[in-house]
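A quick write-up on the structure given underneath.
The values are calculated or read from the model by the stated rules, or taken from the named source; none is laboratory data. Just so it is clear, the structure is predicted and the values come from calculations on it, not from any experiment. Glycine gets a Cβ as well: all are built from the backbone with ideal geometry, and neighbour counts include every protein chain shown.
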Amino acid sequence: MKKQLTSAQTACTRILSGMAVVLLAPFYAHAATNNSIQALLGNVSLFISEVLIPVLFSIAFLFFLVNMVKYFIIGGASEEDRAKGKKNVLYSLIAFVFLISIWSIVTLLVNGLGIEDNDAICPDYMQGACGDDINHASGTSGGFGAVTFPGAGGGTTGGGTESTGNGSGGSTGNGSNTPGAGSNSNFGGLAELVFGTGKDSALFTLSDGGPRAMYQTPTISPTASCEAGLNTLLLANTIETTQAAFALYKDASGTTRWANLTDLHSANHVTYDKDVLDALLGSNISQLHVINTHQNTRTENLDLIMKGHGPSAADMSAMCNNNDLRITYAVVDWNGIWTMTQQADTCPYSVAARNVLPLLETYVAMSSLEATTRASELTTYRNDSVTPTQYQNHFADTATQELPSLAPEEVLALSSFYQTYASTTITYAQTTDAFCNTF
């Protein structure tokens, strides 16, 4: 029996070690095709925290169990076997402590340095380990560092250059995986939407096979018309609790087609299946639109009264990270359609441009807020501890008394200087007919 257990221990150790090598291969291959040090660090940290350490934990736990059975049950009558068993069990406990320490250090480095915001590798066998779970923390506001915003000059936002203090590093987080993340918040809704528990996250992922969450989202027929598909999403967003992603395009014959791209998703997160996009772009198609949804329940859970919810800073960042001018990007909420466009020479975003994105998101959100709540929501946002100092300072001179009288388009227009600065253009809420007539 002892020999059998020893053989089983050796065989399992070899199998688990082999699994670690196999699981590492996709990350190595992805890193080989991506010259970004940040992307490499993100992939390595994901592999260590989501694959390597759990595998080593399995090995250590198996070693612990085998030695418990081998030396304390089967060999319990032998003093020598018990002594050897105590030593091996001690080694197992030391291994547990060591692995927990390494896991904590890797997590702190990933969250502190903010290296998780990459196009992520996510093979099918990892299932829920990627995308939504890459950002482990929830709702902290750091990561912006020292920021100087360019002065817009004139208007309600004031002029000049705003120099800000040093923001401490930290995880940007993407909220909980649970639908309705951000409910029962102790902070202001607008601040939570942009920086806190309601903060959005968006990524492109490489994964074998079809999008893993495509059957957990609204159903659109591949042959549906542009209007029919968008109307389905508009209706679904009044009740859905999670985001979804789709490709809208014309095939070789000029016929409208839809494809589901939802690889992983939650209330505050969506990942697009980049493999499907690459396959579409490699075929004879035209006018490819990548569309993701923003659901009403997300803003309701933050006690916000909004008539829509446009692109987030994460949506803009994901668009620029993908950096493919053959694609048009759009966000569908429960009232209309938003579009985002970019200029090629700005991607990936510079640090300065990336720090402007939360300003754009704030203006976008204010344009959708119920007019009578804009002033109070912005005041709360400016005084909220979850809002980084530089963003509080930016809106300090905004004339809140004027906000209720502005049309949504006028509120969005306040961000025009910063849209130009980031070379990102945001168009507000088109009707389905208006959008599809240009498609």
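Computed values, structure above
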{"quantity": "The stretch 246-294 - residue that is among the acidic types (Asp, Glu) and part of a strand (DSSP E or B) and, of those, surrounded by the fewest Cβ atoms within 10 Å (Cβ to Cβ)", "calculated": "273"}
{"quantity": "Residue in the stretch 88-95 that is assigned to a helix (DSSP H, G or I), modelled with pLDDT under 75 and surrounded by 14 or more Cβ atoms within 10 Å (Cβ to Cβ) present", "calculated": "no"}
{"quantity": "Sole exception among (1) at pLDDT 90 or above; (2) over 30 Å from residue 275 (Cα atoms) for residue 397, by number", "calculated": "(1)"}
{"quantity": "Scan of the stretch 341-354 for residues that are over 21 Å from residue 193 (Cβ atoms) and assigned to a loop (DSSP other than H, G, I, E, B), ordered by number", "calculated": "343, 347, 348, 350"}
{"quantity": "Residue check for residue 357: in a loop (DSSP other than H, G, I, E, B), touching a strand residue (DSSP E or B) at 6+ places or on another chain (Cβ under 9 Å) and not charged (D, E, K, R)", "calculated": "no"}
{"quantity": "Residue 265 vs. criteria assigned by TED's automatic domain parsing to the domain that holds residue 313 and either of a type in the set (A, V, I, L, M) or closer than 14 Å to residue 326 by Cα (or both)", "calculated": "no"}
{"quantity": "Qualifying positions in the stretch 364-406 - among the charged types (D, E, K, R), surrounded by fewer than 20 Cβ atoms within 10 Å (Cβ to Cβ) and part of a helix (DSSP H, G or I)", "calculated": "382, 402"}
{"quantity": "Residues being free of Cβ contacts under 8 Å to residues at least 40 places away in the same chain, of a type outside the set (D, E, K, R) and in contact with a strand residue (DSSP E or B) (Cβ under 7 Å, 6 or more places away or on another chain) - total across the stretch 241-286", "calculated": "5"}
{"quantity": "Residues (among the small types (Gly, Ala, Ser) and either in contact with a Lys or Arg (Cβ under 8 Å, 6 or more places away or on another chain) or surrounded by fewer than 18 Cβ atoms within 10 Å (Cβ to Cβ) (or both)) located in the stretch 407-421", "calculated": "407, 413, 416"}
{"quantity": "Output for the stretch 199-224, where each listed residue is more than 18 Å from residue 273 (Cβ to Cβ) and either crowded, with 16+ Cβ neighbours inside 10 Å or β-branched (Val, Ile, Thr) (or both)", "calculated": "199, 200, 223, 224"}
{"quantity": "Within the stretch 404-425, tally of residues that are closer than 26 Å to residue 341 by Cα and over 25 Å from the mean Cα position of the chain (by Cα)", "calculated": "10"}
{"quantity": "Failed item in (1) within 19 Å of residue 267 (Cβ to Cβ); (2) not in a strand (DSSP E or B), with residue 338 passing the rest", "calculated": "(2)"}
{"quantity": "Any hit, the stretch 351-363, residues being under 27 Å from the mean Cα position of the chain (by Cα), surrounded by 14 or more Cβ atoms within 10 Å (Cβ to Cβ), of a type outside the set (D, E, K, R) and over 20 Å from residue 338 (Cα atoms)", "calculated": "yes"}
{"quantity": "Enumeration of residues in the stretch 367-380 that are closer than 12 Å to residue 188 by Cβ, β-branched (Val, Ile, Thr) and touching a residue at least 24 places away in the same chain (Cβ under 8 Å)", "calculated": "373, 380"}
{"quantity": "Close pairs from the stretch 353-366: first touching a residue at least 24 places away in the same chain (Cβ under 8 Å), partner among the β-branched types (Val, Ile, Thr) and in a helix (DSSP H, G or I), Cβ under 7 Å, at least 6 apart", "calculated": "353/346; 358/194; 361/194; 362/194; 363/411; 365/194; 366/411"}
{"quantity": "Residues located in the stretch 295-335, provided they are assigned to a helix (DSSP H, G or I), more than 16 Å from the chain's Cα centre (by Cα) and of a type in the set (D, E, K, R)", "calculated": "300"}
